[in-house]
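All remarks here apply to the structure that follows.
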Amino acid sequence: MTDKYVLFGNPVAHSMSPALHAFFAKETNQDLEYGRILVEEGCFKQCADEFFKQGGLGCNITVPCKLDAFTYADTLTEYAKAAGAVNTLKKMPDGSILGDNTDGRGLVYDLKRLGCPLKDAHVLIIGAGGAAKGILKPIIESGVKKITIVNRTVSKALDLAIAYPGVVDGTSYENLSGSYDVIINATSLSLKNELPNIDDSILSKASFVYDLMYRPDGHTCFTDKASSLGVKAYDGFGMLVGQAILSFELWRNVKPNFDNAIKQFR
Ligand code: ATR
(Lines give C-alpha, C1' and ligand atoms only; values in the text may rest on other atoms or scores of the structure.)
Protein backbone atom coordinates (compact mmCIF):
# COMPACT_ATOMS: atom_id res chain seq x y z
CA MET A 1 0.00 0.00 0.00
CA THR A 2 1.30 3.47 -0.90
CA ASP A 3 2.18 5.63 2.11
CA LYS A 4 -0.49 8.24 2.71
CA TYR A 5 -0.15 11.88 3.70
CA VAL A 6 -2.72 14.63 3.64
CA LEU A 7 -3.46 18.29 4.23
CA PHE A 8 -6.23 19.15 6.71
CA GLY A 9 -7.83 22.59 6.82
CA ASN A 10 -10.62 24.76 5.54
CA PRO A 11 -10.25 25.83 2.79
CA VAL A 12 -7.74 23.41 1.23
CA ALA A 13 -8.72 23.50 -2.45
CA HIS A 14 -6.17 26.12 -3.49
CA SER A 15 -3.28 24.95 -1.32
CA MET A 16 0.02 24.26 -3.05
CA SER A 17 1.01 21.61 -0.49
CA PRO A 18 -0.16 18.58 -2.52
CA ALA A 19 1.80 19.73 -5.58
CA LEU A 20 4.88 20.53 -3.49
CA HIS A 21 4.88 17.14 -1.76
CA ALA A 22 4.26 15.28 -5.02
CA PHE A 23 7.29 17.10 -6.44
CA PHE A 24 9.42 16.25 -3.39
CA ALA A 25 8.35 12.60 -3.56
CA LYS A 26 9.34 12.33 -7.20
CA GLU A 27 12.63 14.09 -6.65
CA THR A 28 13.63 11.92 -3.69
CA ASN A 29 12.17 8.66 -5.05
CA GLN A 30 9.64 8.24 -2.29
CA ASP A 31 6.52 6.22 -2.97
CA LEU A 32 3.72 8.24 -1.38
CA GLU A 33 0.39 9.93 -1.97
CA TYR A 34 -0.51 13.37 -0.64
CA GLY A 35 -4.15 14.43 -0.65
CA ARG A 36 -6.34 17.10 0.91
CA ILE A 37 -9.21 16.84 3.36
CA LEU A 38 -11.64 19.67 3.98
CA VAL A 39 -12.41 19.78 7.71
CA GLU A 40 -15.87 21.01 8.68
CA GLU A 41 -16.05 23.09 11.84
CA GLY A 42 -15.45 21.07 14.99
CA CYS A 43 -14.56 17.89 13.07
CA PHE A 44 -10.76 17.85 13.19
CA LYS A 45 -10.44 15.00 15.72
CA GLN A 46 -12.89 12.84 13.84
CA CYS A 47 -11.11 13.45 10.51
CA ALA A 48 -7.66 12.83 11.96
CA ASP A 49 -8.77 9.67 13.82
CA GLU A 50 -10.22 8.28 10.61
CA PHE A 51 -7.13 9.17 8.57
CA PHE A 52 -4.70 7.51 10.97
CA LYS A 53 -7.00 4.49 11.47
CA GLN A 54 -6.89 3.92 7.72
CA GLY A 55 -3.10 3.82 7.77
CA GLY A 56 -2.25 7.49 7.19
CA LEU A 57 1.35 8.28 8.20
CA GLY A 58 1.37 12.05 8.49
CA CYS A 59 -0.37 15.28 7.68
CA ASN A 60 -0.02 19.01 7.36
CA ILE A 61 -2.52 21.24 9.07
CA THR A 62 -3.52 24.67 7.88
CA VAL A 63 -6.00 27.25 9.17
CA PRO A 64 -8.23 26.97 11.09
CA CYS A 65 -7.10 23.59 12.49
CA LYS A 66 -3.60 24.28 13.87
CA LEU A 67 -4.79 24.57 17.47
CA ASP A 68 -6.92 21.43 17.15
CA ALA A 69 -3.85 19.59 15.88
CA PHE A 70 -1.85 20.92 18.84
CA THR A 71 -4.43 19.38 21.20
CA TYR A 72 -4.62 16.19 19.15
CA ALA A 73 -0.91 15.32 19.26
CA ASP A 74 0.29 12.86 21.94
CA THR A 75 3.69 14.52 22.10
CA LEU A 76 4.91 17.90 20.90
CA THR A 77 8.27 19.15 19.67
CA GLU A 78 9.78 22.22 21.35
CA TYR A 79 8.84 24.21 18.25
CA ALA A 80 5.20 23.18 18.44
CA LYS A 81 5.15 24.06 22.15
CA ALA A 82 6.70 27.47 21.52
CA ALA A 83 4.32 28.19 18.64
CA GLY A 84 1.28 26.91 20.54
CA ALA A 85 0.18 25.40 17.24
CA VAL A 86 0.91 22.36 15.07
CA ASN A 87 1.27 22.32 11.28
CA THR A 88 2.68 18.78 10.98
CA LEU A 89 1.61 15.48 12.52
CA LYS A 90 3.55 12.25 12.22
CA LYS A 91 2.53 8.75 13.22
CA MET A 92 5.46 7.35 15.17
CA PRO A 93 6.58 3.68 15.09
CA ASP A 94 4.88 3.08 18.48
CA GLY A 95 1.57 4.39 17.07
CA SER A 96 1.63 7.67 18.97
CA ILE A 97 1.15 10.97 17.14
CA LEU A 98 3.93 13.57 17.19
CA GLY A 99 3.03 17.23 16.63
CA ASP A 100 5.60 19.63 15.17
CA ASN A 101 5.55 23.15 13.81
CA THR A 102 7.82 23.74 10.83
CA ASP A 103 6.56 27.23 9.91
CA GLY A 104 9.18 29.22 11.81
CA ARG A 105 12.07 26.95 10.81
CA GLY A 106 10.76 27.16 7.24
CA LEU A 107 10.99 30.93 7.45
CA VAL A 108 14.55 30.89 8.80
CA TYR A 109 15.50 28.35 6.14
CA ASP A 110 14.23 30.77 3.50
CA LEU A 111 15.85 33.82 5.12
CA LYS A 112 19.20 32.01 5.00
CA ARG A 113 18.63 30.98 1.38
CA LEU A 114 18.02 34.65 0.55
CA GLY A 115 21.14 35.83 2.37
CA CYS A 116 19.29 37.68 5.13
CA PRO A 117 21.81 39.02 7.69
CA LEU A 118 20.40 37.38 10.84
CA LYS A 119 23.55 37.13 12.92
CA ASP A 120 23.47 39.76 15.70
CA ALA A 121 20.61 41.53 13.91
CA HIS A 122 17.96 43.65 15.57
CA VAL A 123 14.74 42.28 14.08
CA LEU A 124 11.41 44.05 14.01
CA ILE A 125 8.37 41.76 13.82
CA ILE A 126 5.14 43.52 12.88
CA GLY A 127 2.12 41.70 14.33
CA ALA A 128 1.61 39.52 17.39
CA GLY A 129 -0.87 36.87 16.24
CA GLY A 130 -0.33 33.16 15.72
CA ALA A 131 2.00 33.74 12.79
CA ALA A 132 4.34 35.91 14.90
CA LYS A 133 4.25 33.49 17.82
CA GLY A 134 5.21 30.63 15.51
CA ILE A 135 8.40 32.25 14.21
CA LEU A 136 9.95 33.61 17.44
CA LYS A 137 11.88 30.57 18.66
CA PRO A 138 13.55 29.69 15.33
CA ILE A 139 14.48 33.34 14.73
CA ILE A 140 16.05 33.60 18.17
CA GLU A 141 17.98 30.38 17.51
CA SER A 142 19.36 31.83 14.29
CA GLY A 143 21.60 34.10 16.38
CA VAL A 144 19.83 37.46 16.26
CA LYS A 145 20.69 40.00 18.94
CA LYS A 146 17.23 41.30 19.68
CA ILE A 147 13.63 41.15 18.49
CA THR A 148 11.10 43.96 18.86
CA ILE A 149 7.45 43.13 18.28
CA VAL A 150 5.13 45.96 17.32
CA ASN A 151 1.39 45.36 17.35
CA ARG A 152 -1.87 47.31 17.19
CA THR A 153 -2.98 45.51 20.37
CA VAL A 154 0.12 46.17 22.48
CA SER A 155 -0.81 43.66 25.19
CA LYS A 156 -0.44 40.81 22.66
CA ALA A 157 3.09 41.96 21.79
CA LEU A 158 3.99 42.15 25.49
CA ASP A 159 2.51 38.68 26.12
CA LEU A 160 4.72 37.18 23.41
CA ALA A 161 7.80 39.03 24.69
CA ILE A 162 7.40 37.65 28.23
CA ALA A 163 8.39 34.16 27.08
CA TYR A 164 11.84 35.41 25.97
CA PRO A 165 13.05 37.91 28.59
CA GLY A 166 16.03 40.02 27.56
CA VAL A 167 15.75 39.06 23.89
CA VAL A 168 12.24 40.07 22.84
CA ASP A 169 10.37 43.24 23.68
CA GLY A 170 6.99 44.57 22.66
CA THR A 171 5.80 48.05 21.75
CA SER A 172 3.09 50.09 20.05
CA TYR A 173 3.20 51.72 16.62
CA GLU A 174 3.19 55.14 18.33
CA ASN A 175 6.29 54.34 20.39
CA LEU A 176 8.22 52.63 17.62
CA SER A 177 11.52 54.34 16.81
CA GLY A 178 15.12 53.52 16.04
CA SER A 179 16.47 51.31 13.32
CA TYR A 180 16.16 47.62 12.57
CA ASP A 181 18.35 45.40 10.41
CA VAL A 182 15.56 43.05 9.41
CA ILE A 183 11.82 43.79 9.31
CA ILE A 184 9.27 40.97 9.07
CA ASN A 185 5.59 41.60 8.42
CA ALA A 186 3.67 38.92 10.36
CA THR A 187 0.31 40.65 10.12
CA SER A 188 -2.43 39.59 7.74
CA LEU A 189 -2.61 43.12 6.26
CA SER A 190 -1.11 42.30 2.86
CA LEU A 191 -4.03 39.96 2.21
CA LYS A 192 -6.20 43.08 2.15
CA ASN A 193 -3.58 45.12 0.29
CA GLU A 194 -3.05 47.27 3.37
CA LEU A 195 0.18 48.50 4.89
CA PRO A 196 1.13 48.43 8.56
CA ASN A 197 1.70 51.84 10.07
CA ILE A 198 5.52 51.89 9.86
CA ASP A 199 7.29 55.14 8.98
CA ASP A 200 9.27 55.20 5.74
CA SER A 201 12.23 56.41 7.81
CA ILE A 202 12.22 53.09 9.74
CA LEU A 203 11.59 50.93 6.69
CA SER A 204 14.29 52.59 4.60
CA LYS A 205 16.98 51.95 7.24
CA ALA A 206 16.46 48.18 7.16
CA SER A 207 18.76 46.02 5.08
CA PHE A 208 16.20 43.24 4.57
CA VAL A 209 12.41 43.09 4.58
CA TYR A 210 10.19 40.00 4.46
CA ASP A 211 6.42 39.52 4.32
CA LEU A 212 5.05 36.20 5.59
CA MET A 213 2.21 36.59 3.08
CA TYR A 214 2.89 35.62 -0.51
CA ARG A 215 1.32 36.21 -3.87
CA PRO A 216 1.68 34.43 -7.20
CA ASP A 217 3.50 37.40 -8.71
CA GLY A 218 6.09 37.33 -5.91
CA HIS A 219 5.41 40.65 -4.24
CA THR A 220 2.95 42.16 -1.76
CA CYS A 221 2.06 45.80 -1.13
CA PHE A 222 4.49 45.68 1.81
CA THR A 223 7.43 44.33 -0.21
CA ASP A 224 6.56 46.86 -2.95
CA LYS A 225 6.74 49.66 -0.41
CA ALA A 226 10.11 48.48 0.91
CA SER A 227 11.48 47.98 -2.61
CA SER A 228 10.41 51.51 -3.54
CA LEU A 229 12.60 52.72 -0.66
CA GLY A 230 15.55 50.75 -2.01
CA VAL A 231 15.36 47.89 0.51
CA LYS A 232 15.69 44.23 -0.50
CA ALA A 233 12.26 42.70 0.09
CA TYR A 234 10.75 39.24 -0.37
CA ASP A 235 7.32 37.68 -0.01
CA GLY A 236 6.66 34.50 1.98
CA PHE A 237 6.61 32.00 -0.85
CA GLY A 238 9.95 30.52 0.17
CA MET A 239 8.67 30.08 3.72
CA LEU A 240 5.80 28.00 2.34
CA VAL A 241 8.27 25.82 0.46
CA GLY A 242 10.64 25.71 3.45
CA GLN A 243 8.02 24.53 5.92
CA ALA A 244 6.90 21.86 3.43
CA ILE A 245 10.49 20.60 2.99
CA LEU A 246 10.90 20.33 6.77
CA SER A 247 7.60 18.42 7.15
CA PHE A 248 8.66 16.07 4.37
CA GLU A 249 12.00 15.52 6.07
CA LEU A 250 10.29 14.75 9.39
CA TRP A 251 8.13 12.10 7.72
CA ARG A 252 10.64 10.57 5.29
CA ASN A 253 14.12 11.31 6.71
CA VAL A 254 15.21 12.77 3.39
CA LYS A 255 15.46 16.45 2.52
CA PRO A 256 14.24 17.71 -0.87
CA ASN A 257 16.29 20.38 -2.62
CA PHE A 258 15.11 23.90 -1.80
CA ASP A 259 16.29 25.69 -4.97
CA ASN A 260 14.79 23.05 -7.28
CA ALA A 261 11.40 23.47 -5.60
CA ILE A 262 11.55 27.26 -5.81
CA LYS A 263 12.50 27.06 -9.49
CA GLN A 264 9.68 24.66 -10.19
CA PHE A 265 6.89 26.53 -8.42
CA ARG A 266 7.70 30.24 -8.41
P1 ATR B 1 -2.46 35.01 12.70
O2 ATR B 1 -2.81 34.13 13.83
O3 ATR B 1 -2.52 34.32 11.36
O4 ATR B 1 -1.18 35.76 12.90
P5 ATR B 1 -4.23 36.94 13.76
O6 ATR B 1 -4.15 36.34 15.09
O7 ATR B 1 -5.56 37.36 13.24
O8 ATR B 1 -3.65 36.05 12.60
O9 ATR B 1 -3.24 38.17 13.77
C10 ATR B 1 -3.11 38.98 12.72
C11 ATR B 1 -2.13 40.08 13.06
O12 ATR B 1 -2.39 41.13 12.14
C13 ATR B 1 -2.31 40.65 14.46
O14 ATR B 1 -1.06 41.09 14.93
C15 ATR B 1 -3.23 41.83 14.19
O16 ATR B 1 -3.15 42.86 15.15
P17 ATR B 1 -4.07 42.79 16.48
O18 ATR B 1 -3.45 41.78 17.37
O19 ATR B 1 -4.02 44.15 17.03
O20 ATR B 1 -5.44 42.38 16.01
C21 ATR B 1 -2.68 42.31 12.89
N22 ATR B 1 -3.68 43.11 12.16
C23 ATR B 1 -4.77 42.69 11.50
N24 ATR B 1 -5.46 43.73 10.98
C25 ATR B 1 -4.77 44.84 11.33
C26 ATR B 1 -4.94 46.24 11.09
N27 ATR B 1 -5.99 46.72 10.38
N28 ATR B 1 -4.03 47.10 11.62
C29 ATR B 1 -2.97 46.65 12.33
N30 ATR B 1 -2.76 45.35 12.59
C31 ATR B 1 -3.63 44.45 12.10
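The values are calculated or read from the model by the stated rules, or taken from the named source; none is laboratory data. Just so it is clear, the model here is predicted, and its values are computed rather than measured. As a convention, Cβ positions derive from the backbone with ideal geometry for all residues, glycine included, and neighbour counts pool all protein chains shown. Accessible surface is based on the protein model in full, side chains and every heavy atom, while ligands, DNA and RNA are left aside. Shrake-Rupley method; radii C 1.70, N 1.55, O 1.52, S 1.80 Å.
Amide H contacts under 5 Å for GLY35: TYR5, VAL6, LEU7, restricted to partners 5 or more places along the chain or on a different chain, H placed in the peptide plane at 1.01 Å from N. The phi-based Karplus calculation (6.51 cos²θ - 1.76 cosθ + 1.60; θ = phi - 60°) puts the 3J(HN,Hα) values of the range 161-168 at 5, 4, 5, 10, x, x, 10, 10 Hz, whole numbers, x for Gly and Pro. Rolled with a 1.4 Å probe across the full set of protein chains, the surface gives GLU50 an accessible area near 80 Å². Using the Karplus relation 6.51 cos²θ - 1.76 cosθ + 1.60 with θ = phi - 60°, the per-residue 3J(HN,Hα) values for the range 143-158 come to x, 5, 7, 7, 10, 10, 10, 10, 8, 4, 8, 4, 4, 5, 5, 5 Hz, with x marking Gly and Pro. Each label point was placed 7 Å from the Cα along the Cα-to-Cβ direction; for ASP3 and GLU27 their separation is 1.6 nm.
For the range 52-211, divide the Cα radius of gyration by the Kirkwood radius and give the resulting Rg/Rh value with two decimals. Numbers along the way, then the final one.
Details: Rg = 16.8 Å, Rh = 16.6 Å.
Taking Rg over the Kirkwood Rh, I get 1.02.
Whole-Hz Karplus values for the range 127-137 come out as x, 9, x, x, 5, 5, 4, x, 9, 4, 4 Hz, taken residue by residue from phi with 6.51 cos²θ - 1.76 cosθ + 1.60 and θ = phi - 60°; glycine and proline positions read x. Average accessible surface for the range 136-266: 47 Å² per residue, computed with a 1.4 Å probe over protein heavy atoms with every protein chain in place.
With contacts defined as alpha carbon pairs under 8 Å and 6 or more residues apart, what's the relative contact order of the range 166-266 in percent?
Working: 128 pairs, mean separation 21.6, N = 101.
Here the relative contact order equals 21 percent.
Element breakdown for the chain at a 1.4 angstrom probe: carbon and sulfur atoms account for 51% of the accessible area.
With a 10 Å radius around each residue's Cβ, average the other Cβ atoms per peptide and rank 124-136, 34-46, highest first.
Details: 124-136: 23.6, 34-46: 15.4.
Averaged packing, sorted descending, gives the order 124-136, 34-46.
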